[in-house]
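Asks: Quick one: the structure is below, questions incoming.
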Amino acid sequence: LLIRRDALETVGLLDEDYYLYSEDADYCLRASRAGFTLLYAPEARVYHKVSASTGGAYNWRKWVQRYRSLFRLVRKHTSPLTWPLFFVNVAWELVSLPINALLQTRRLPKVGAREE
């Protein structure tokens, strides 16, 4: 995320109430509402050797923190009428994540298997 100085002076800093995740989306929404043009560079790449904030491996704590931050974003930038949709999405992920993990595990090749 690259931020121009005049945007920092107008919009302010990243919201520190987002412990992890969604602070960049929040900033972009605030900057856009303040009249700044947002640009996206799809060819840009950032490589992390390891996730310094969360240690790399996906776990339930990361999932909880991700959705806590997303709900903060939803509360901050949308109408309360849309909040139930957020919870439907979370419930769907709670159901679908273990199922998808099981299905992906079954598709993995066995050790020593040869491609034909």
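Asks: If each of residue 94 and residue 29 carries a label point 7 Å out from its Cα toward its Cβ, how far apart are those two points in nm?
Replies: Result: 2.2 nm between the two label points.
Asks: State, as an integer percentage, the relative contact order of segment 1-57 based on alpha-carbon contacts under 8 Å between residues 6 or more apart. Before the final figure, lay out the partial values.
Replies: Numbers: 23 pairs, mean separation 14.9, N = 57.
Result for segment 1-57 is 26 percent.
Asks: How high is the FRET efficiency from residue 8 to residue 87, r the C-beta distance, R0 30 Å, rounded to 0.05?
Replies: Numbers: r = 34 Å, r/R0 = 1.13.
The calculated FRET efficiency here is 0.35.
Asks: Report the full-extension gain for the segment residue 68 to residue 49: residue separation times 0.36 nm, less the Cα-Cα distance, to one decimal in nm.
Replies: On the way: separation 19, 0.36 × 19 = 6.84 nm, distance 2.56 nm.
Full extension from residue 68 to residue 49 adds 4.3 nm.
Asks: Provide the three semi-axes, in whole Å and in decreasing order, of the ellipsoid equivalent to segment 1-57 as defined by the square roots of 5 times the Cα gyration tensor eigenvalues.
Replies: On the way: eigenvalues 113, 48, 17 Å².
That gives 24, 15, 9 Å for the three semi-axes.
Asks: Then there is this: Work out the length of the dipole vector of segment 1-57 about its Cα centre, built from +1 on the beta-carbon of each Lys and Arg and -1 on the beta-carbon of each Asp and Glu, and round it to the nearest 20 debye.
Replies: 240
Asks: State the answer as a single residue: which of 10, 48, 29 lies farthest towards the positive end of the charge dipole of segment 1-57, with beta carbon charges of +1 for Lys and Arg and -1 for Asp and Glu, about the Cα centre.
Replies: About the Cα centre, the residue reaching furthest to the positive side is 48.
FYI, it's all coordinate maths here, none of it is from the lab. Model, not experiment: these values are computed from the prediction. A quick note on method: Cβ atoms are made from the backbone with ideal geometry, for glycine too, and the neighbour counts reach across all protein chains shown.
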